[in-house]
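A short worksheet on the structure shown next.
Derivation of every value follows stated rules applied to the coordinates shown; laboratory data play no part. Since we're looking at a predicted model, the values are computed, not measured. Neighbour counts are summed over all protein chains in view; Cβ atoms, including those assigned to glycine, are modelled from backbone coordinates with ideal geometry.
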Amino acid sequence: MIEDFLKFFSETLFTEKYTSINGLLQKIDPRAKITSFIILILASIISNSLLPLLLFLFLIFSLAIMSKISIKKFLFRTLLFTTLFSIIIAIPNLFINSGVVIISFNIYNFNLRITEQGLFSTLQFILRVWVCVSSLILLNLTTKFSSIINTMESFKFPKVFIMIITVTYRFIFLFVNEAYQMILAKEARSIRKISKIENIKILGFMISSLFIRAYEKGEKVYLAMKNRGYSGEMKNLSMINFHFKDAIFIFSFLMFIVFSFFIGGFIKI
């Protein structure tokens with residue numbers, strides 16, 4: 001379990017490391033990045049061809065390279081969980097769609113047929129998920145959390161929603177550290193091998209204790225904020241400025257998407 005917590009912190013450091021690198025996306029205004037990636041995600045959802053989706057993936061990985069992100073780690077993050085899960089979900093589409101049969105075989109007297117339409121819909125679903133997940137991960141790797149919050153405020157998101165996200169994000173690391181200290185204390189006091197049932201009981205006690213600590217910590221933080229003049233609104237001292245290069249970035253994004261759809265209309269894949 002300690003390894004899991006260490007992995008969590010290493011993943012966090014990995015994410016924060018790339019936000020301060022002098023890369024392409026790190027120099028772009030977060031509002032321009034979020035707007036562009038939202039447009040890209042919407043374009044991938046409405047795309048009825050595989051070629052635009054492949055071009056979108058090419059764009060995302062090109063931007064990752066220009067942002068000086070390790071392609072090996074980026075590919076690992078985009079493929080391992082969500083995209084792999086989407087592949088598992090999409091497998092039945094190979095057999096349930098009617099159309100021209102490509103492959104036919106029998107398993108325990110069941111005749112399974114893979115059709116062209118089934119293969120197309122499966123690949124389309126997987127590529128759509130891959131584009132959406134890769135876009136969000138790239139945005140997260142190249143944008144500081146505080147900049148994302150500033151962008152949400154400039155886009156007039158509800159203040160309560162922004163407050164909940166901000167407090168939750170900051171408290172996650174605090175409570176993970178609390179849980180890590182509790183596990184260290186438990187293992188330091190363990191002199192024999194503990195059975196799985198005892199481990200489950202100890203885990204239950206730790207979770208309940210963590211909830212109590214979370215409640216107490218929240219009350220203390222709120223009282224401290226009230227004593228320092230908190231009136232229900234968090235003031236942001238950092239400013240973000242929109243420059244001409246940010247407008248060029250959005251325009252280039254739009255042109256690439258239009259070009260991808262144009263090419264997809266001529267080359268049917």
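Placing +1 on the Cβ of every Lys and Arg and -1 on the Cβ of every Asp and Glu, with nothing else charged, gives the chain a dipole about its Cα centre of roughly 540 debye. In terms of Cα atoms, the Rg and Dmax of the chain work out to 23.9, 73 Å. Using the Cβ-Cβ distance between F173 and V100 with R0 = 35 Å, the FRET efficiency computed as 1/(1 + (r/R0)^6) comes to roughly 0.05.
Over every Cα atom in segment 57-201, the radius of gyration and the widest Cα-Cα span, Dmax, amount to 23.1, 65 Å.
For K68, list the lysines whose Cα falls under 21 Å from its own Cα; do not include residues on the same chain fewer than 8 positions away. Qualifying lysines at Cα under 21 Å: K17, K27, K33, K144, K245.
In this structure, the amide hydrogen of T115, modeled 1.01 Å from its nitrogen in the peptide plane, lies closer than 5 angstrom to those of I102, counting only residues at least 5 positions away or on a different chain. Scanning the chain for trypsin sites (Lys or Arg not before Pro) in DSSP loops with at most 15 neighbouring Cβ atoms within 10 Å leaves 69-155 as the longest stretch between them. The phi-based Karplus calculation (6.51 cos²θ - 1.76 cosθ + 1.60; θ = phi - 60°) puts the 3J(HN,Hα) values of segment 86-96 at 5, 5, 5, 5, 7, 4, x, 4, 4, 10, 8 Hz, whole numbers, x for Gly and Pro.
Listed by number, the DSSP H helices of the chain that run 15 Å or longer by alpha-carbon position along their axis and have mean Kyte hydropathy of at least -1.0 are 2-19, 30-46, 50-66, 116-142, 159-188, 196-227, 244-266.
Note on the chain: GNM, Cα springs under 10 Å; of I183, I126, I87, the largest mean-square fluctuation is that of I183.
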